[in-house]
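The numbers here are math on the coordinates, done by the rules we state, and not lab data. Fair warning: this is a prediction, and the values are worked out from it, not measured in the lab. Positions of Cβ are generated from backbone atoms using ideal geometry, with glycine treated the same way; all protein chains shown enter the neighbour counts.
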Amino acid sequence: MSSKPAHAAPDTPRMFFADSRASTSQECQQKAAECLRLVQTSLDSTNKAILLEMADAWISRAEQQKAEMKGAPGNAAD
């Protein structure tokens, strides 16, 4: 019977990295919100730090997606 050590990283953040192709700003924002929700339930400070970094990355990606949409043909930025 094998079990993960108490300090092992949770599988959920790995799932976020594996699914890093969120295509819309809203999807990125949802993933950021999920990371922040997981921070509240995590007891491990290392995992909390990783989740906060991931949330920040998803927020940055959401902002990038919004900027790309504003510059897309048919979406006048002025």
**Asked** For residue 66 and residue 43, what is the calculated FRET efficiency with R₀ set at 30 Å and r taken between the beta-carbons, to the nearest 0.05?
**Response** 0.30
**Asked** Can you sort 37, 61 so the residue with the fewest Cβ neighbours within 10 Å comes first?
**Response** 37, 61
**Fill in**
Diffing the range 35-42: the Karplus 3J(HN,Hα) column from phi (6.51, -1.76, 1.60, θ = phi - 60°), in whole Hz with x for Gly and Pro, holds 4, 5, 5, 5, 4, 5, 9, 7
**Fill in**
The size of the Cβ-based charge dipole (Lys, Arg +1; Asp, Glu -1) of the range 24-71 about the Cα centre, to the nearest 20 debye, is 120 debye
